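Here the structure is laid out as structure tokens; the discussion comes afterwards.
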Amino acid sequence: MSETGLAVWTIVVGALGNAACALLGCYLVLRRISLLGDAISHAILPGIAVAFLLAGRIAAVPMFLGAVVVGLLTAFLSQALSSFGRVSEDTSLGVVFTSLFALGVLLITNVAANVDLDPGCVLYGLIEFTPLDTVNLLGFEIPRAVLTLAPVLAVTIGFIALFWKELLISTFDAGLASAMGLSANVVHYLLMAMVAVVTVASFEAVGSILVIAMLIVPAATAHLLTDRLMWMLGIAVAIGVASSVLGYFGAVWWNTSVAGMMAVTVGAIFGLAVLLAPRHGVLVKLVRTLDLALRIRGEDVLAALYRREESHGEGEALPARDASRAAGGGNLGRLALMRLRRQGLLTWVTTNALGLTAMGRVAGHDLIRAHRLWEIYLYENFSLPLDHVHEPASRIEHYLGPDLREKLAAELASPPSDPHGRAIPRPPSDG
Amino acid sequence: MMMTLTYNTAIVLGGTMLLGANAGLVGTFAVLRRRALTGDALAHAALPGLCLAFLIVGQRNVPALLTGALVTGVLGVMTISFLRRMTRVKEDAAIGIVLSVFFGAGIVLSRLIQNLTTTGSKAGLDSYILGKTAGMVAQDVVWVGGLSLAVLVLLVVFYKEFQLVSFDPDFACSQGWPVGRLDLSLMGLIAATVVIGLPAVGVALMAALLIMPAAAARFWTDRLSSMLVLAAVLGGVIGAVGTMASASVSKLPAGPVLVLVGAVVFLASLLLGPKRGVIARMRRHLQFRREFAERSLLIQAATAVNIPPWGSTNRPWNGFTTEMVAETAGWPGSVVKQRLRQAERRGWLATTGDGRHEWTDSGQTRAAALLRGRALWKLFLLEMPDLAGSLADLGEESPEGVLPPELMAPLRAKLEAMQARAGQGSEP
């Protein structure tokens, strides 16, 4: 096989496995049983070892059967241990899968003693070699791994399509599922069986530990990027495939383990999503918080200036330091002032004092109107004493848009003055 | 089989015993605080650190390797914390992500190292994945011993603090204790233990050593101090037995053998633990069912012959037939017969040949007490239903001794009033 042929097939093997894992992984992540996937991928090891010992080679059908059995066994044992043995869930999981994994390692080392097999490959796979083990299909040399993984991927897609409703309901509302007569338990064990099958299929390519990466990380990344299940499945698969491509090239470039690079790649993609995801990303949230903080501080300045104009006449200005203090002080205060100037709401009246522009006056007017309407609302409906209404109104005024202001005014029958006796700025239509 | 203890074997034995004991101590807190799998993530996250340290130092310098392992391990745990707190990623997914990605990075680095060096050095780092106790030298044992001693001292000195932080962190916080820092130091102890254990047990299986002794010890006691001691002992035993077993069969890597020994110990504790073990619980359960069946029978039999709750035992009560009991209780015939037989065996009843049963003295006394107790419970549930949830323990024969005296007095009075209304009669 040519160089490109090797590369292509390796990537294909990786992509197929990762896609299948990503699909199932979405359900694992949503159901908060990611670690059960982790456990199963460790626990199938003895099953594989036994199958290998019995068959003398990697034989597909007995291995898959063995995998399903062991997968279900793992899920069942840890469940039984936690409910019947009264052991906490994570402890029971830990005990079950480490024991099975240890058993598997012992068996494999025994096998490796007779066959020249590196026991470490159990953990990180042999994807580099998969293109070399080919089978003749219709005159083409196709890696055996592809012939295993492609049907498994198809079965996975079929499983999800067939049980779409059941998986959906039992994932998001187990109670409803039971009420509808769907056995959440049956769906759970079917899912576990599928995870076991996919794990065994991917095992040869990426080994047991890295299957976990492929199960969980693309799904978790997709979860950060979307709230819809269909999209989540699609994005997870895309990420899985992308990480197999990028991981392969990265591994070739640095001359290192392909499976390891795939895990690192998908981790890097996850990291990017954590920071930059449009709605749930950390940096994005930070920016949004900053934006809100600046807006509120700015509005505080506008309100302060408007009040000053009310008592001292139009055209009043605040010295820069006082304006900064009204904006809450510090760097954020200065930023807020800059922002107001850039928005055309504030301007330098003298070299050292800031005042409202016409637009700023309108904005201040709306704020004060909102503030005083809310004061009345609180005073009338909650019997709060007069000195208790200013504080909450100062906070709420930032969130009362024009619609809400008019609704309040209508509700309170357009009052002329607030509880403190100050005039409520008329709505804009009144001039 | 007599095994001659060579110097080397003694070293390894000492080392793994100390390691196991340490893991047991520290693992107790990990298990109690549901951090068991975080320990697993920590172990896996240590691999890249090992490799990086090797790359930086250029040779296999164990303290440097372990420091590197500690750094990335702790980094991994901090990542899990960050993900859990600042994103919508849940704890289980966070653990899985850190575990697999860090481990993948470790594999990448170890392969890079493999490329740079001769095949001889490769085996050095690979042994950290599955463990290799045979490589232990006296120096390592000193390290492990030192660390174990430090852990022990810290646990003894800060026992109260760690205990409270583990079981009631909110209360500890309200008392002004630095919960965050205590938590961190606990995590630090766990991290140090995990890292020290890596050469012996390996990355993949270290979590097991952390979990199993503590989880096994849990079945034997409800007290933290006993659990700590027992976990340490069990950990030491697991270390010793595992090492001997893996040494006697040369091809077996130590890590898996230790884990399997641990699993056996865990299983044994699961079954045999005196209070929380499965066998003990089943026995208690069966005992209670038998006891309850017996009580039910005596009550039904007494009801069948119309004994009121205040009935006196001065005069012998009437005898009864099996059919009478069956009719009163509504039980199937076989159940009635079996329970009657049981009662006879226990000496509460005596049977005449023709299906009639007579009360013995002790049987009458017992049945009278049961009737009275049940009546008092009924009154309690009727009169004080809002207290029932917290105070009722219907497994007990009677509220006497369960409810406080100020609640018992009105109940007794009520019963006496009922007795008076029924005309002081105790005629069955």
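The values are calculated or read from the model by the stated rules, or taken from the named source; none is laboratory data. Quick caveat, the model's predicted, so the values are computed rather than measured. Virtual Cβ from ideal backbone geometry, glycine too; neighbours counted across all protein chains shown.
Yes/no per residue for (1) at pLDDT 85 or above; (2) closer than 21 Å to residue A:99 by Cβ; (3) crowded, with 19+ Cβ neighbours inside 10 Å:
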{"position": "B:2", "(1), (2), (3)": "no, no, no"}
{"position": "B:7", "(1), (2), (3)": "no, no, no"}
{"position": "B:12", "(1), (2), (3)": "no, no, yes"}
{"position": "B:18", "(1), (2), (3)": "yes, no, yes"}
{"position": "B:24", "(1), (2), (3)": "yes, yes, yes"}
{"position": "B:29", "(1), (2), (3)": "yes, no, yes"}
{"position": "B:37", "(1), (2), (3)": "yes, yes, yes"}
{"position": "B:42", "(1), (2), (3)": "yes, yes, yes"}
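Of all residues in the range A:156-215, which are among the charged types (D, E, K, R) and closer than 27 Å to residue A:270 by Cβ?
If the condition is that a residue be among the charged types (D, E, K, R) and closer than 27 Å to residue A:270 by Cβ, then A:204 is the only one that fits.
When the range B:163-212 is examined, which residues are found to be surrounded by 24 or more Cβ atoms within 10 Å (Cβ to Cβ) and among the aromatic types (Phe, Trp, Tyr)?
The answer is none; no residue qualifies.
Here is a yes/no grid of residues against (1) surrounded by fewer than 16 Cβ atoms within 10 Å (Cβ to Cβ); (2) closer than 18 Å to residue B:362 by Cα:
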{"position": "B:261", "(1), (2)": "no, no"}
{"position": "B:276", "(1), (2)": "no, no"}
{"position": "B:283", "(1), (2)": "yes, no"}
{"position": "B:314", "(1), (2)": "yes, yes"}
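Taking the range B:81-114 only, how many residues are crowded, with 23+ Cβ neighbours inside 10 Å, polar (S, T, N, Q) and under 16 Å from residue A:274 (Cβ atoms)?
1
Here is a check on your reading of the model: is residue A:201 away from every other protein chain (no Cβ under 14 Å) and either under 23 Å from residue B:92 (Cα atoms) or surrounded by fewer than 24 Cβ atoms within 10 Å (Cβ to Cβ) (or both)?
no
Answer with yes or no whether residue B:78 is free of Cβ contacts under 8 Å to residues at least 12 places away in the same chain, surrounded by fewer than 24 Cβ atoms within 10 Å (Cβ to Cβ), facing another protein chain (nearest Cβ under 8 Å) and not charged (D, E, K, R).
Considered against the rule, which asks whether it is free of Cβ contacts under 8 Å to residues at least 12 places away in the same chain, surrounded by fewer than 24 Cβ atoms within 10 Å (Cβ to Cβ), facing another protein chain (nearest Cβ under 8 Å) and not charged (D, E, K, R), residue B:78 comes out as no.
Out of the range A:18-35, which residues are over 19 Å from residue A:207 (Cβ atoms) and at the interface with chain B (Cβ under 9 Å from one of its Cβ atoms)?
Our first condition is that a residue be over 19 Å from residue A:207 (Cβ atoms); within the range A:18-35, this holds for A:23, A:26-27, A:29-33.
Hits for the range A:18-35 are A:29, A:32, A:33.
Do we find that residue A:96 is within 12 Å of chain B (Cβ to nearest Cβ), over 26 Å from residue A:270 (Cβ atoms) and among the hydrophobic types (A, V, I, L, M, F, W, C) in this structure?
yes
Quick check on my filter: what residues within the range A:211-242 are of a type in the set (Ser, Thr, Tyr) and either farther than 23 Å from residue A:39 by Cβ or outside any helix (DSSP H, G or I) (or both)?
If the condition is that a residue be of a type in the set (Ser, Thr, Tyr) and either farther than 23 Å from residue A:39 by Cβ or outside any helix (DSSP H, G or I) (or both), then A:226 is the only one that fits.
Exactly one of these conditions fails for residue A:268: (1) more than 23 Å from residue A:43 (Cα to Cα); (2) within 12 Å of chain B (Cβ to nearest Cβ); (3) crowded, with 19+ Cβ neighbours inside 10 Å; (4) at pLDDT 95 or above. Give me its number.
(3) is the only condition that residue A:268 fails.
More than 22 Å from residue A:208 (Cβ to Cβ) and part of a helix (DSSP H, G or I): which single residue out of A:288, A:279 fits that description?
A:288
For the structure I just gave you, tell me whether residue B:112 is within 9 Å of chain A (Cβ to nearest Cβ) and modelled with pLDDT under 90.
Yes; evaluated as a whole, the condition is true for this residue.
Scan the range B:266-303 residue by residue and report those that are within 14 Å of another protein chain (Cβ to nearest Cβ) and basic (Lys, Arg).
Listed by number, the residues that qualify are B:275, B:276, B:281, B:284.
Consider residue A:307 carefully, then state whether it is among the basic types (Lys, Arg) and within 12 Å of chain B (Cβ to nearest Cβ). Quick ask: steps written out before the conclusion?
Numbers: among the basic types (Lys, Arg): yes; within 12 Å of chain B (Cβ to nearest Cβ): no.
The answer is no for residue A:307.
Residues B:232, B:192, B:240, B:208: which one is modelled with pLDDT of 85 or more, facing chain A (nearest Cβ under 10 Å) and under 17 Å from residue B:20 (Cα atoms)?
B:208 is the lone residue from the list that is modelled with pLDDT of 85 or more, facing chain A (nearest Cβ under 10 Å) and under 17 Å from residue B:20 (Cα atoms).
Here are A:384, A:305, A:318: which of them is in contact with a strand residue (DSSP E or B) (Cβ under 8 Å, 6 or more places away or on another chain), outside any helix (DSSP H, G or I) and of a type outside the set (Phe, Trp, Tyr)?
Working: A:384 fails: in contact with a strand residue (DSSP E or B) (Cβ under 8 Å, 6 or more places away or on another chain); A:305 fails: outside any helix (DSSP H, G or I).
Of A:384, A:305, A:318, the one residue that is in contact with a strand residue (DSSP E or B) (Cβ under 8 Å, 6 or more places away or on another chain), outside any helix (DSSP H, G or I) and of a type outside the set (Phe, Trp, Tyr) is A:318.
Touching a residue at least 12 places away in the same chain (Cβ under 8 Å) and over 30 Å from residue B:127 (Cα atoms): which single residue out of B:255, B:242, B:277, B:236 fits that description?
B:277
Return yes or no: is residue A:224 touching a residue at least 12 places away in the same chain (Cβ under 8 Å) and within 12 Å of chain B (Cβ to nearest Cβ)? Reasoning before the result, please.
Values: touching a residue at least 12 places away in the same chain (Cβ under 8 Å): yes; within 12 Å of chain B (Cβ to nearest Cβ): yes.
Against the criterion (touching a residue at least 12 places away in the same chain (Cβ under 8 Å) and within 12 Å of chain B (Cβ to nearest Cβ)), residue A:224 qualifies.
Residues of the range A:350-360 being surrounded by 18 or more Cβ atoms within 10 Å (Cβ to Cβ) and part of a helix (DSSP H, G or I), which ones?
A:360, the sole residue that qualifies.
Which of the residues belonging to the range B:378-422 are under 33 Å from the mean Cα position of the chain (by Cα) and of a type in the set (A, V, I, L, M, F, W, C)?
Listed by number, the residues that qualify are B:387, B:388, B:391, B:392, B:394, B:402, B:403.
Just checking, which of A:259, A:263, A:317 is within 14 Å of chain B (Cβ to nearest Cβ) and modelled with pLDDT under 90?
It is A:259.
Of everything in the range B:93-109, what is within 7 Å of chain A (Cβ to nearest Cβ) and among the aromatic types (Phe, Trp, Tyr)? Give them in sequence order. Working first, answer last.
Taking the range B:93-109 first, the residues within 7 Å of chain A (Cβ to nearest Cβ) are B:93, B:95-97, B:99-101, B:103-105, B:107-108.
Of everything in the range B:93-109, just one residue is within 7 Å of chain A (Cβ to nearest Cβ) and among the aromatic types (Phe, Trp, Tyr), namely B:103.
So which residues in the range B:348-406 are assigned to a loop (DSSP other than H, G, I, E, B), surrounded by 13 or more Cβ atoms within 10 Å (Cβ to Cβ) and of a type in the set (S, T, N, Q)?
B:360, B:398 - these are the residues of the range B:348-406 that are assigned to a loop (DSSP other than H, G, I, E, B), surrounded by 13 or more Cβ atoms within 10 Å (Cβ to Cβ) and of a type in the set (S, T, N, Q).
Taking the stated definitions as given, is residue A:51 more than 17 Å from residue A:125 (Cα to Cα), without any contact (Cβ under 8 Å) to a residue 60 or more places away in the chain and either within 14 Å of chain B (Cβ to nearest Cβ) or assigned to a helix (DSSP H, G or I) (or both)?
Numbers: more than 17 Å from residue A:125 (Cα to Cα): yes; without any contact (Cβ under 8 Å) to a residue 60 or more places away in the chain: yes; either within 14 Å of chain B (Cβ to nearest Cβ) or assigned to a helix (DSSP H, G or I) (or both): yes.
Considered against the rule, which asks whether it is more than 17 Å from residue A:125 (Cα to Cα), without any contact (Cβ under 8 Å) to a residue 60 or more places away in the chain and either within 14 Å of chain B (Cβ to nearest Cβ) or assigned to a helix (DSSP H, G or I) (or both), residue A:51 comes out as yes.
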